[in-house]
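Could you have a look at this structure, given as structure tokens, before my questions?
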Amino acid sequence: MSASAIASRTALEIYESGDAALRVVAQSGDAEADWATVHSLAGWLATAGIEGLHGAVPTYDSVLVEFDPYLTSARQVRAFVLLGMRQLDFTGTSLREPRRFEVPVVYGGEYGPDLGRVAEHQGLDVEDIIARHTAKTYVIRCLGAPAGSPMMDGPEFPVPVPRLKDPRLSVPAGAVSVAGRQAVIAPAAAPGGWCVIGQTPLSVLDVSREPLVPYVPGDQLRFYRIPEEDFGSFAGQFLKARP
Amino acid sequence: MTGSLVILQPGHSVVTDLGRTQGPAFGLPVNGALDQYSAKAANILAGNEENEPLLELTALDFRMRATTDLLIAVSGAPLDLTVGGRECPQWEPVSVRAGEVVAVRGIRTGLRAYIAVHGSFTVPRLLGSCAPDTVVGFGVKLVQGSELETRKTTAPITHPYFGLPLFRLGLTKPTFTTNPVIDVTDGPDVAEFGDTADLLFTTQYTVSPRSNHIGLRLGGALPERQLTSEVLSRGVPVGAIEVPSREELLVLHRGRGVTAGYPVMAVVTSRSLDLLAQARPGHTVTFRKTTVAEATATHRAACLELDRLRITIRTVFGLLGIGAGERWHELSPASGA
């Protein structure tokens, strides 16, 4: 096996992932600490100016580090990861001050076709699902597929939400979904197997600016309910951080 | 002087480059030319930097008309190339006179071909790349009548008496086959598949028609994950081999979603990803195990071959006065600011 334990204050494993990537997994046993570790490490790698390094994709407890195997190598990148970890041991894994986003949502009906199904599965009524979904301040854990979706730990539901047996071929942009113990907003139309409980009229994705989505992992997000007739009044507006 | 060309028959063509390497950190797939070696070679043969925008053709016939004199190079899968009705060689620089039609017909054995134009195209970029991203709706859409502006024109370079193509560089081109052998290294989760992981190396897989730039689906005996625990979403590399269903093996290519929750059993090497980019539905694929060190060496050998090609082209183009060398007069003057 390609894994190896690393002598650092933070338990870490580095796995080969082909000739152009490494998977680095934090293994402290504490999910919150692991998440902070992999995101801080990704931030360090992104700003370290390492030749041949394409970038780092941090998620929950792991970060995928991609590189050009002509300009550098798995061995060299591994050494940089260890250097980064030693620096983080020294400086701590402080992330930047979170920004807050507030997202209007029309729940149910054609905007959230799976709301009833989710309520039934949870043994709650529809209003209770909406109340729990809007009650929580979510932390954006990572950017996922498609198009930099904000992946968040889900609302306080009694049981995990099963995925759809037949994934939809296209879920519209703005769809607000839950699956397992996770919650997400779809920045762009794409196929999807998550349960869609609502839709926001705000545009999340702006292809004319870089980066394309306004949030970064660590930012906070809340949903609030709007009536169906207000959906159109948000047309053309982009999701923005609260001042 | 800027030049241009007009698409007459787009077939299935896109303007792309080597990919959006900054994309994955923002949740966007890298995308870009699926056969990176052929794309780099086309650009080098056309006297460009290897990462400049070029055309990627997939499977279907293609025609374009040069509005100005151009220098082009066509690489990738075997095909029939004509310029102004003349048969022209692939994997060589080719002069195109203003008004002439460039036609690509009969892409065979492989699936994808590349056309680079000296001076490349002026096209919009997102996070440093012009590669189309169908999910966010970015990229130049090529239809009949689309006009592409090139940064340069190149006066025709042909034999003065017979009009024959001048270039006969005789470069070695990669071989294309209908049953490629694909090198893979152990994935980070190979242990989760137990002994069934060995099936990958003893089975002949058939490429499914449901394959695309996101991933290839392969039919054959499938390794089986021995665990049932949930996997947290995590970044998956291009080339990752997963078993998401009981029907097919999935090999992720450059259009892959950046994160997923399936275990990664093996990862296709950079060099073999180019071969997979050329695999057509119905072709058979055999996997061979290698190490990261060996895969890196193979990749570097291919890059060195391209470096040698670049030196040859620079020498030839320099002698002919084609601006492939250091274009010192185009550089902005050094400034103390």
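Values quoted throughout were computed directly from the atomic coordinates according to the rules given, and no laboratory measurement underlies them. On a predicted model such as this, the values are computed, not experimentally measured, just so you know. Here Cβ is always computed from backbone atoms with ideal geometry, including for glycine, and neighbour counts include all displayed protein chains.
Expected output is a single nm value to one decimal: the length gained when fully extending between B:E149 and B:F201, i.e. 0.36 nm times separation in residues minus the C-alpha distance. What is it? Mind dumping the intermediate values first?
Details: separation 52, 0.36 × 52 = 18.72 nm, distance 4.71 nm.
In short, 14.0 nm is gained.
If you take every residue apart from A:V77 with its C-beta less than 14 Å away from the C-beta of A:V77, what net charge results, scoring Lys and Arg +1 and Asp and Glu -1? Each step should come with its number before you reach the end.
Values: positive: A:R23, A:R75, A:R78; negative: A:E16, A:D19, A:E51, A:E66, A:D68.
Residues close to A:V77 contribute a combined charge of -2.
Calculate the spin-label point distance for B:T122 paired with A:A46, positioning each point 7 Å from the Cα along the beta-carbon direction, and give it in nanometres.
3.3 nm
Rounded to the nearest 10 degrees, what's the angle between the helix A:126-135 long axis and the longest principal axis of chain A, both from Cα atoms, 0 to 90?
40 degrees
Sticking with this one: Put one equal scatterer on each alpha carbon of region A:53-135, apply the Debye formula with no solvent term, and list log10 I(q)/I(0) at q = 0.13, 0.18, 0.23, 0.26 1/Å to two decimals.
-0.71, -0.84, -1.16, -1.27
Taking the Cα-to-Cβ direction at B:E230 and at B:E247 and moving 7 Å from each Cα, how far apart do the two end points lie in nm?
Placing both labels 7 Å beyond Cα along the Cβ direction yields 2.6 nm.
Let me ask something else about it. Within straight cross-link reach of B:K173, meaning Cα distance under 22 Å, which lysines are found once same-chain residues fewer than 8 apart are removed?
Here the lysines satisfying the reach criterion relative to B:K173 are B:K40.
What order, most packed first, do the peptides A:213-220, B:103-110 have when packing is the mean number of other Cβ atoms within 10 Å of each residue?
Details: A:213-220: 20.0, B:103-110: 18.2.
Top to bottom by mean Cβ count within 10 Å: A:213-220, B:103-110.
Would you kindly state the longest site-free stretch of chain A, with sites defined as GluC sites (Glu not before Pro) in a DSSP loop (not H, G, I, E, B) surrounded by at most 15 other Cβ atoms within 10 Å? Before the final figure, lay out the partial values.
Details: sites that count: A:E51, A:E110, A:E156.
After excluding every exposed loop site, the longest remaining stretch is A:157-243.
Give the cross-link partners of A:K240 among the lysines, using a straight C-alpha distance below 24 Å as the criterion and excluding same-chain residues fewer than 8 apart.
Once the sequence-local lysines are set aside, what remains near A:K240 is A:K136.
For region B:180-225 and region B:1-57, write down the distance between their C-alpha centroids in whole Å.
Centre-to-centre distance over Cα atoms comes out at 28 Å.
What's the Kirkwood radius of chain B in Å, using all Cα pairs?
Details: mean 1/r = 0.0475 Å⁻¹.
21.1 Å is the Kirkwood radius here.
Additional query: Figure the gain on full extension for B:L60 and B:T2 (residue separation times 0.36 nm, minus the Cα-Cα span) and round it to one decimal in nm.
On the way: separation 58, 0.36 × 58 = 20.88 nm, distance 2.85 nm.
Gain on extension, B:L60 to B:T2, equals 18.0 nm.
Can you pull out the chymotrypsin sites (Phe, Trp or Tyr not before Pro) in region B:54-136 that DSSP calls coil and that have at most 14 other Cβ atoms within 10 Å? Let's see the in-between values first.
On the way: sites: B:F62, B:W91, B:Y114, B:F121; in loops: B:W91.
Filter output for region B:54-136: empty list.
Taking Cα atoms, how many degrees apart are the long axis of helix B:36-45 and the longest axis of chain B, rounded to 10 and kept between 0 and 90?
Rounded to the nearest ten degrees, it is 10.
With contacts defined as alpha carbon pairs under 8 Å and 6 or more residues apart, what's the relative contact order of region A:112-228 in percent? Intermediate results must be reported in sequence, preceding the final value.
Details: 238 pairs, mean separation 34.4, N = 117.
Rounded, it is 29 percent for region A:112-228.
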